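Visitor: After the structure tokens below, expect a handful of questions from me.
We did not get these values from a lab; they are worked out from the coordinates using the rules stated. If you're wondering where the values come from, they're calculated on a predicted model, not measured in any experiment. All Cβ positions, glycine included, derive from the backbone under ideal geometry; neighbour counts span all protein chains shown.
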Amino acid sequence: MSELIRVENLHKSFGTLEVLKGIDLHVNSGETLVLLGSSGSGKSTLLRCINFMETLTSGRILLNGDAIGSETRGKITYKESDLCKLRTRIGMVFQHFNLFPHMTVLQNVMEGQLTVLGRDKAEAAEKSMIQLTRVGLADKAAEFPSRLSGGQKQRVAIARALAMDPDVMLFDEVTSALDPELVGEVLKTMRQLAEEGMTMICVTHELGFAYHVANRVLFLNEGTIHEEGDPQSVLRNPQTKRMKEFLEGHALFKLPE
Amino acid sequence: MEWNFAPVIANLDILLLGLLNTLKVTGLALSLGVPLGLGLALMRLSQNRPISMISEFIIEFFRTTPPLVQLFWFFFAFPILFNINMTPYLAAVVTFSIQSSAFFAEIFRSGIQSIDHGQWEGSKAIGMTRNQSLRRVILPQAVKRMIPAFMERSIELLKTTTLVSTIAYTDLMYQANSVAQSTFRPLEVYSVIAAIYFILIFGFSQLSIVVEHRLAKSGEGTVN
């Protein structure tokens, strides 16, 4: 397995608040990585730094072994055009979908291909239909997002990201805004992607998803990676007190076995 | 007192020329003021502090000074400063283009800012530049929300153009003055032009209500 993404000594501060305090991680091609942590632990910020939705305070990120940005005398600068190109290779799906309400489902999925990749309309439409079929929404192509359920919107958002043919997909708490009964269809789609070999980094509170789908789980606490390992051992036998508390919090109101 | 519209009808061609000129100045001020307003709004929203401040100053200056003062300044003062010839027509177009652009800038700005931040994020995440996001995602949604304010401002502009009669531009108001004086029938003349303005603006605002309804119906809710 080749290494797709490497994060080196990543620091991120908002004003005086240091959210990430030196993160090192790597993701191999085809791997699904799940980031866990309580709110404020920095997991979403970490995810958003990987595709430069947030600017890094310090540290660097490598995609396929190439460092992002240009370094001159120890200072790394990032050009908008480089970051835009990078973001076409790193897909992202958000908690609140962020679909474009003035476009149909098909137009949503085509938009980036037309505007950013410069594909022609026929090709973009064809690729969009392939991705919409993949997420099971080909029959909704002509609808506007307002006519869809939350789960369907999120699957369209996944198709929109996939249509750019990214190397890796980032999922930022994509089921947190959904009605509980709609969570399953989105997780199912994500699981299917993982099984098809897509490289994925997921921030989620769905421990079941982490347990069954992730190759590796990272637990973030106060801006550092606190515990890391394969999901079976990390979720069943947490080594740190903080991780134990976190899991206990999640299991508080589980149905009895 | 008796009403006699014969002198008004006899001078209808003069009044119609005035109406045409009023529409010309309004139309030109709109077609220059809207793009100029968008430019000012984008400057104002720029992350570059000086650019944003320059735009803010222009907008605030033209929103807070009386339009009549601006008109006189461009007609009487501007030519002295730059040693050029200024016609009433040119002064009118320049003044009302800039003046309305200041208002349109604020309409654009609030329209753009009313769009959920997630729309910027969604477009950024698929690799769009700031400009592409603005053009393809933000503005199409913002413009829809701006239409009522835009219509209202255009009506306001049409009314304000009556000021150009003070620098002897032959708009509807100016023509009415001259017809009223030459025929000694101010009652009929001013009644007629009041009616013309009423019909024009009432018709326009009815149209804007229709447009708004259309948009509301096709209105895919803008929040996801």
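Visitor: For a 29 Å ceiling on Cα separation, which of these pairs sit above it: A:Lys21/A:Lys85; A:Lys75/B:Lys124; A:Lys241/B:Lys124; A:Lys79/A:Lys188; A:Lys79/A:Lys153? It would help to have the intermediate numbers written out before the result.
Guide: Working: A:Lys21/A:Lys85 27 Å; A:Lys75/B:Lys124 24 Å; A:Lys241/B:Lys124 39 Å; A:Lys79/A:Lys188 37 Å; A:Lys79/A:Lys153 32 Å.
Cα-Cα > 29 Å for A:Lys241/B:Lys124; A:Lys79/A:Lys188; A:Lys79/A:Lys153; rest within.
Visitor: If the viscosity is 1.306 mPa s and the temperature 10 °C, what translational diffusion coefficient in µm²/s does Stokes-Einstein give for segment B:6-218 when Rh comes from Kirkwood over Cα pairs?
Guide: Working: Rh = 19.2 Å.
Approximately 83 µm²/s, per Stokes-Einstein.
Visitor: What does the C-alpha gyration tensor say about the overall shape of segment A:38-115? Classify as rounded when a/c is under 1.5, otherwise prolate if a/b is larger than b/c, or oblate. Mind showing how you got there, number by number?
Guide: Numbers: a/c = 2.83, a/b = 1.48, b/c = 1.91.
In terms of gyration-tensor shape, oblate.
Visitor: I've got another one for you. Translational D (Stokes-Einstein, µm²/s) of chain A at 10 °C and 1.306 mPa s when Rh comes from the Kirkwood sum over C-alpha pairs? Mind dumping the intermediate values first?
Guide: Values: Rh = 19.1 Å.
D, rounded to a whole number, is 83 µm²/s.
Visitor: Any idea what diffusion coefficient segment B:111-182 gets from Stokes-Einstein, in µm²/s, Kirkwood Rh on alpha carbon pairs, 25 °C, 0.890 mPa s? Show your work: numbers first, answer last.
Guide: Details: Rh = 15.4 Å.
My calculation gives 159 µm²/s for D.
Visitor: Moving on. If we restrict to alpha carbons, what Rg and Dmax does segment A:170-227 come to, in Å?
Guide: Rg, Dmax (Cα atoms, Å): 11.9, 33.
Visitor: As I understand it, the dipole of the protein assembly as shown uses +1 on the Cβ of Lys and Arg and -1 on the Cβ of Asp and Glu, about the Cα centre. Which of A:Ser41, B:Phe104, B:Leu20 lies farthest toward its positive end?
Guide: Value computed over the given set: B:Leu20.
Visitor: Further question on the same structure: Provide the per-residue ³J(HN,Hα) series for segment A:48-60, in order, calculated from phi with Karplus coefficients 6.51, -1.76, 1.60 and θ = phi - 60°, each as a whole number of Hz, with x at glycine and proline positions.
Guide: Whole-Hz 3J(HN,Hα) from phi for segment A:48-60: 6, 6, 5, 9, 6, 5, 10, 7, 6, 7, 7, x, 8.
Visitor: Please get the size of the charge dipole for chain B, origin at its Cα centre, with Cβ charges of +1 on Lys and Arg and -1 on Asp and Glu, quoted in debye to the nearest 20.
Guide: Details: 16 positive and 13 negative charges, 158 e Å.
Dipole size: approximately 760 debye.
Visitor: Where the only charges are on Cβ atoms (+1 Lys, Arg; -1 Asp, Glu), what is the dipole of segment A:130-257 about its Cα centre, to the nearest 20 debye?
Guide: In debye, rounded to 20, segment A:130-257 gives about 140.
Visitor: Taking the alpha-carbon centroid of each part, what is the distance from segment B:52-93 to segment A:182-232 in angstrom?
Guide: Cα centres, segment B:52-93 to segment A:182-232: 62 Å.
Visitor: Take B:His213 and A:Lys85, extend 7 Å from each Cα along the Cα→Cβ direction, and tell me the distance between the two endpoints in nm.
Guide: 5.3
Visitor: Equivalent-ellipsoid semi-axes (√(5λ), Cα gyration tensor) for segment A:132-225, whole Å, largest first?
Guide: Details: eigenvalues 116, 47, 28 Å².
Square roots of five times the eigenvalues give 24, 15, 12 Å.
Visitor: Taking H as built 1.01 Å from N, whose amide H comes closer than 5 Å to the amide H of A:Ile23, not counting residues under 5 places away?
Guide: For A:Ile23, whose amide H was placed from the backbone, the distant partners under 5 Å are A:Asn9, A:Leu10, A:His11.
Visitor: Per-residue ellipticity at 222 nm for the protein assembly as shown, helices alone: DSSP H runs ≥ 4 residues times -39500 (n - 2.57), over residue total, nearest 500 deg cm²/dmol?
Guide: Working: 20 runs with 267 residues, N = 481.
Roughly -17500 deg cm²/dmol at 222 nm, from the helical runs in the protein assembly as shown.
Visitor: Please enumerate, by chain and number, the lysines with C-alpha under 20 Å from the C-alpha of A:Lys244, excluding those fewer than 8 residues away in the same chain.
Guide: Cross-link targets: A:Lys43, A:Lys254.
Visitor: Right, here's the next one. Enumerate the calculated ³J(HN,Hα) couplings along segment A:79-85 in order (Karplus 6.51 cos²θ - 1.76 cosθ + 1.60, θ = phi - 60°), each rounded to whole Hz, writing x wherever the residue is Gly or Pro.
Guide: 8, 4, 5, 5, 5, 5, 4
Visitor: Could you tell me whether the protein assembly as shown comes out rounded, prolate or oblate from its Cα gyration tensor? Rule is a ≥ b ≥ c as square roots of the eigenvalues, rounded for a/c under 1.5, then prolate if a/b exceeds b/c, otherwise oblate.
Guide: Working: a/c = 3.26, a/b = 2.40, b/c = 1.36.
Since a/c reaches 1.5 and a/b is larger than b/c, the shape of the protein assembly as shown is classed as prolate.
Visitor: Can you tell me the dipole magnitude for segment A:3-251 around its Cα centre, using point charges on the Cβ only (Lys, Arg +1; Asp, Glu -1), in Debye to the nearest 20? Walk me through the numbers before you get to the answer.
Guide: Details: 28 positive and 32 negative charges, 70 e Å.
Its charge dipole is roughly 340 debye.
Visitor: Taking H placed 1.01 Å from N in the peptide plane, check which residues at least 5 places from A:Asn28 or on another chain put their amide H under 5 Å from its amide H.
Guide: Sorted by chain and number, the residues that satisfy this are A:Leu4.
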